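Read through the structure below, which is laid out as structure tokens, and then see the notes.
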Amino acid sequence: MREILLRFDGAVERDPAIERWMKGHRGESGEIARKWFAVMRKCGDEVREVFHDGCANACLGDVPFGYVGVFTAHVNVGFFYGAALADPAKLLLGSGKRMRHVKLKSSTATDDAALRALIEAAYRDVKQCVENG
């Protein structure tokens, strides 16, 4: 059975709602969120973004591949098709059919290289699905 891709209406090159949301998150959690969303933005020229469901979402066109969410005690860096990602560093959490996330806390060290690799892999996987049907 062919996978139906999730699509978000309104994805744009730079979403002003995300900029406002980011400015509203000061301190360490805001810094963490900005850092990892910037990595998503730099994945490719086709990256678009949309503020949806309280999170900053990075998309290839209108197909989301990752998101950043700020919560009281942590930041989530999530992947819409994360269950399909290779995760040798065992960063991904979740047990749903598709989505996975990495929980980041300022008090806990992050394997930056492994998280960057997950973000880049999520982008590549969505790009391959979009381009190859």
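Output the number of residues of segment 25-43 satisfying the condition of being surrounded by fewer than 18 Cβ atoms within 10 Å (Cβ to Cβ), among the small types (Gly, Ala, Ser) and at negative phi.
Residues flagged as surrounded by fewer than 18 Cβ atoms within 10 Å (Cβ to Cβ), among the small types (Gly, Ala, Ser) and at negative phi within segment 25-43 amount to 2.
Regarding segment 36-45, can at least one residue be identified that is over 18 Å from Val12 (Cβ atoms) and not in a strand (DSSP E or B)?
Within segment 36-45, one or more residues are over 18 Å from Val12 (Cβ atoms) and not in a strand (DSSP E or B).
Which one is nearest to Glu131 (Cα to Cα), of the residues in segment 53-66 that are open to solvent by 30 Å² or more (accessible area, probe 1.4 Å) and without any contact (Cβ under 8 Å) to a residue 60 or more places away in the chain?
Checking each candidate, the answer is Asp62.
Answer yes or no as to whether Val39 is touching a Phe, Trp or Tyr at 6+ places or on another chain (Cβ under 8 Å) and at pLDDT 95 or above.
no
Among (1) closer than 20 Å to Ala11 by Cα; (2) touching a Lys or Arg at 6+ places or on another chain (Cβ under 9 Å); (3) surrounded by fewer than 22 Cβ atoms within 10 Å (Cβ to Cβ), which single condition is Val50 missing?
(2)
Considering only segment 27-47, I want to know if a residue exists there that is aliphatic (A, V, I, L, M), within 17 Å of Lys127 (Cα to Cα) and over 11 Å from the mean Cα position of the chain (by Cα).
Yes: segment 27-47 contains one or more residues that are aliphatic (A, V, I, L, M), within 17 Å of Lys127 (Cα to Cα) and over 11 Å from the mean Cα position of the chain (by Cα).
Take Phe80 and decide whether it is under 16 Å from Ala122 (Cβ atoms), in contact with a Gly (Cβ under 9 Å, 6 or more places away or on another chain) and not acidic (Asp, Glu).
So Phe80 passes the test.
Could you tell me which residue of segment 76-133 is surrounded by the fewest Cβ atoms within 10 Å (Cβ to Cβ), considering only residues that are under 14 Å from Phe37 (Cα atoms) and in contact (Cβ under 8 Å) with a residue 60 or more places away in the chain?
Restricting to residues being under 14 Å from Phe37 (Cα atoms) and in contact (Cβ under 8 Å) with a residue 60 or more places away in the chain, the top hit is Arg116.
When segment 64-98 is examined, which residues are found to be under 13 Å from the mean Cα position of the chain (by Cα), aliphatic (A, V, I, L, M) and closer than 22 Å to Met22 by Cβ?
Residues satisfying the conditions are Val68, Val70, Val75, Val77.
Show the residue pairs meeting these rules: Cβ distance below 6 Å; 6+ apart or different chains; first residue within segment 7-35 and among the polar types (S, T, N, Q); second residue exposed (fewer than 11 other Cβ atoms within 10 Å of the Cβ).
Going by the 6 Å Cβ cut-off, there are no qualifying pairs.
The values are calculated or read from the model by the stated rules, or taken from the named source; none is laboratory data. Here the structure is a predicted model, which means the values were calculated and not measured. All Cβ positions, glycine included, derive from the backbone under ideal geometry; neighbour counts span all protein chains shown. These accessible areas exclude ligands, DNA and RNA; they are computed on the full protein's heavy atoms, side chains included. Shrake-Rupley method; radii C 1.70, N 1.55, O 1.52, S 1.80 Å.
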